[in-house]
Amino acid sequence: MGFRVAESGKIDPMHQFAIEPLFGTDQLAIGGYNIAFTNSALWMVATVVVLWIFMIGGMKRELVPGRWQAAVETMTGFISNLLTANVGPEGKRYVPYVFSLFMFILLANLLGLLPLGLVGLHPFTFTSHFTATGVLAVMSFAIVLIVGFWRHGLHFFSLFVPHGTPVPMIPFIFLIELVSFMVRPFSLGLRLFVAMTAGHVLLKVLAGFVINSTNAGAGFGLTVGLSSFALMIGISALEMLVAVIQAYVFALLTSLYINDAVNLH
Amino acid sequence: MPQIAQIAETYASQIFWLLLTFGFVFFVIGLGMVPKIEATVGARDAKIAGDLETAKAAFARADEIEADYRKHDADARAAAQARIAEAKAQAARDTEAKVKATDALVAEKIAAAEAEIRAASTSAMAEIEHVAADAARDMVAKISGLSASPEAARQAVKAALVHG
């Protein structure tokens, strides 16, 4: 949530999404591609560390779980039920992937909302970058393709012809279904990126209102500033909900797509 | 929008670090830890199901034992009742036999006593005859001065006794 006061004295709500290399700008490279360790990478690592610490609590493996272990088991059980409900008993095989996906996105979203600006740090939500969400979406899509073609071979294409399609309609329906199928990775990646970006921009714009109205005078500060601040509190709560829902939607859609690949229709 | 403005210089770094971090999450946490946690949950569910099964079996066994106990109780009662009835019947038979034996004894004693009485009365009659004959002879001697033979006196007394 870093603020940058531009030349005109305006607050740039997009600056929070700027990627700043922390180290390795010059030396870290693979095959000519620069892979500098950025603030984005730092928050990815932070997400992994938090998730790993969370999971450690679930590894006590006691017969009667404590609170922490019960919390971890609730999360794995949630994803396990999601896959069993959407894919069937075979869905259990995909629990490791969908659980990783869900928890990784969920913690990334929530960590990005932490009010660390109060202590001078700049939280960064890497799920607000389509370069990151796109990789996750392409990964899910690739798994669907691999599972689909591996299990059903070319029969997988029957996914694009729903049952009961009249024969003359098959070419058109096939095309439409194929396009809607190919759009999946884009919609999957863009949905998360847009939801995160929009929420953070909205919060930053309202925060800019609070600062600019207060700078304009006590009267503006008490009217525009206070009401904007009240709105921010509500929207912050809403954003936490969005953070959870977007992670859930990503996991849910992935499991639905896996269901298509496993069971065809 | 930095997401688009910076894409050329950052996409490689973004993709690399995301694959690295998510790869760690998937291989270490997803494949390493999640199955163990799922196994713990599964083991717990199995233990609960097993315990419930054991409890159900124990309940059934308890019912069985109770039914068994009831049956034993009823059997014991029936046996006791039978023994009591048997004992009562035995006692009644014993009493009857004893009463019968005593009756016989009493009847025997009565018969003996009656025979004794008869014998006594016969001997008493004979005595009376004898005395009466003596008295008759005395009377004959006193009145007539004759001496009647004992045989005649006895005949006379007998005749008189028969006539009463």
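The values are calculated or read from the model by the stated rules, or taken from the named source; none is laboratory data. Given the structure is predicted, the values throughout are model-derived calculations rather than measurements. Note that each Cβ is placed from the backbone with ideal geometry, even for glycine, and that neighbours are counted across all protein chains shown. Accessible surface areas use protein heavy atoms only, side chains included; no ligands, DNA or RNA. Shrake-Rupley method; radii C 1.70, N 1.55, O 1.52, S 1.80 Å.
With all protein chains kept in place, the per residue accessible area of the range A:88-164 amounts to 41 square angstrom at a probe of 1.4 angstrom.
Normalised by the number of residues in chain B, the average gap of Cα pairs under 8 Å and 6 or more apart makes the relative contact order 10 percent.
A simple spin-label model places pseudo-atoms 7 Å from Cα toward Cβ; at residue B:110 and residue A:52 they are separated by 12.1 nm. Hydrodynamic radius of the range B:1-40 by the Kirkwood approach over all distinct alpha-carbon pairs: 11.9 Å. For chain B, the mean projected area of the C-alpha convex hull, equal to one quarter of the hull surface, is 25.1 nm². So which DSSP H runs in chain A come out at 30 Å plus along the axis (Cα) with average Kyte-Doolittle of at least 0.0? Membrane-span-like by this rule: A:130-152, A:170-216, A:226-263. Taking a point 7 Å out from the Cα of residue B:156 in the direction of its Cβ, the residues of the range B:110-145 whose backbone N falls within less than 17 Å of it are B:129-145. Solvent exposure of the range B:8-118 amounts to 73 Å² per residue of accessible area, where only protein heavy atoms count and the probe is 1.4 Å.
Here is what passes the span test in chain B: the DSSP H helices with alpha carbon length of 24 Å or more along the helix axis and a Kyte-Doolittle mean of 1.0 or above are B:7-24. The mean number of Cβ atoms from other chains found within 10 Å of a Cβ in peptide A:58-66 is 4, as a whole number. Inter-chain Cβ neighbour count for A:127-133, averaged per residue, equals 5 (cutoff 10 Å, partner chain atoms only). Dividing the mean sequence gap of close Cα pairs (under 8 Å, 6+ apart) by how many residues chain A holds gives a relative contact order of 22 percent. Distance from the C-alpha centroid of the range B:123-156 to that of the range A:120-177: 164 Å, rounded to the whole angstrom. The share of accessible area on the range B:8-118 that comes from carbon and sulfur is 66 percent, using a 1.4 angstrom probe. The A-B contact accounts for approximately 3800 Å² of buried accessible area, totalled over both chains at a 1.4 Å probe radius.
Which FRET efficiency, nearest 0.05, do residue A:201 and residue A:74 yield, Cβ-Cβ r, R0 41 Å? Result of the calculation: an efficiency of 0.80. List, in the order given, every pair from A:60/B:56; A:92/B:56; B:36/B:56; A:10/A:204 whose Cα-Cα distance in the structure shown is over 19 Å. Violating the 19 Å Cα-Cα cut-off are A:60/B:56; A:92/B:56; B:36/B:56.
Using the Cβ-Cβ distance between residue A:264 and residue A:235 with R0 set to 56 Å, the FRET efficiency from 1/(1 + (r/R0)^6) comes to roughly 0.85. Note on residue A:180 and residue A:14: their simple-model spin labels are 3.4 nm apart, each label 7 Å out from Cα toward Cβ.
Does the protein assembly as shown come out rounded, prolate or oblate, given a ≥ b ≥ c as the square roots of the eigenvalues of its C-alpha gyration tensor, rounded meaning a/c under 1.5 and, failing that, prolate meaning a/b above b/c? Since a/c reaches 1.5 and a/b is larger than b/c, the shape of the protein assembly as shown is classed as prolate.
In this simple spin-label approximation, residue B:81 and residue B:140 carry label points 7 Å from Cα along the Cα→Cβ vector, and these lie 8.8 nm apart.
With K and R counted +1 and D and E -1, the other residues having a Cβ less than 14 Å from that of residue A:200 yield a net charge of -1.
If you bin all the Cα-Cα distances of the range A:45-263 at 10 Å, starting from zero, the percentages per bin are 8, 25, 28, 20, 12, 6, 1, 0. Peptide B:4-10 shows a mean partner chain C-beta count of 5 within 10 Å per residue C-beta. Along the charge dipole of the range A:45-263, which of A:137, A:230, A:99 sits closest to the positive end, that is, farthest toward it, with unit charges on the beta carbon of Lys, Arg, Asp and Glu (+1, +1, -1, -1)? About the Cα centre, the residue reaching furthest to the positive side is A:99. Centre-to-centre, using Cα atoms only, the range A:204-265 and the range B:67-92 are separated by 86 Å.
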